[in-house]
1. With charges only on Cβ, +1 for K and R and -1 for D and E, what is the dipole size of segment 1-78 about its Cα centre, in debye, rounded to 20?
2. If you split all Cα-Cα distances of segment 24-84 into 10 Å bins from zero, what percentages do you get per bin, shortest first?
3. Compute log10 of I(q)/I(0) for segment 1-134 with the Debye formula, placing one identical point scatterer on every Cα and leaving out solvent, at q = 0.13, 0.15 Å⁻¹, to two decimals.
4. Could you tell me whether segment 50-90 comes out rounded, prolate or oblate from its Cα gyration tensor? Rule is a ≥ b ≥ c as square roots of the eigenvalues, rounded for a/c under 1.5, then prolate if a/b exceeds b/c, otherwise oblate.
5. Describe numerically, in nm with one decimal, the distance between label points set 7 Å from Cα along Cα→Cβ at residue 110 and at residue 5.
6. Using alpha-carbon pairs under 8 Å, 6+ residues apart, how would you state the relative contact order of the chain in percent?
Amino acid sequence: GIIDQILEITCCQPYLIQLIGEQMVRQANQHQTRLLTQSLLDAALEAALTAGTPYFTNLWTEYTGRTPEEVQVGQEVLQAIALGTPIPDDTTPVARAALRRMRRYHVIESNKGSYRCEVPFVARWIRERAVVESFFS
């Protein structure tokens, strides 16, 4: 079941699988075991969120928009999507551009008239670690 969980939360993205796999090996070595348990997976996932900071930060700053205004709106929208809360007004040209960009780069996907993060592990990072930058304050 551990492998299935990893494949599900990463949507089979090679980098994320490798990142989590590396952390799983570290956890197993630290606990001197060859048996990967749910508690080791949980610890590895937490460690992967930290070790993968450059990847997640790049996604957060580069794939949410092209201009500072678009990035800010894109981050607000993406955070709302990851949290499962209503997204801010998505009818503005800036918000529509951010949504198009995030769909094009497979950050989000349409889901029955709404949006969701394509990769659940990315959504977790956004919920737990992302900070919306304010470029205009």
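Since every read-out is calculated from the coordinates, none of them should be taken as a lab result. Nothing here was measured: the structure is a model prediction, and the numbers come from that model. Reconstructed Cβ throughout: ideal geometry from the backbone, glycine too, with neighbour counts over all protein chains shown.
1. In debye, rounded to 20, segment 1-78 gives about 360.
2. 21, 32, 23, 18, 6
3. So the normalised log intensities work out to -0.56, -0.71.
4. On the way: a/c = 3.88, a/b = 1.33, b/c = 2.92.
Here segment 50-90 falls in the oblate category.
5. 3.4 nm
6. On the way: 138 pairs, mean separation 32.2, N = 137.
Answer for the chain is 23 percent.
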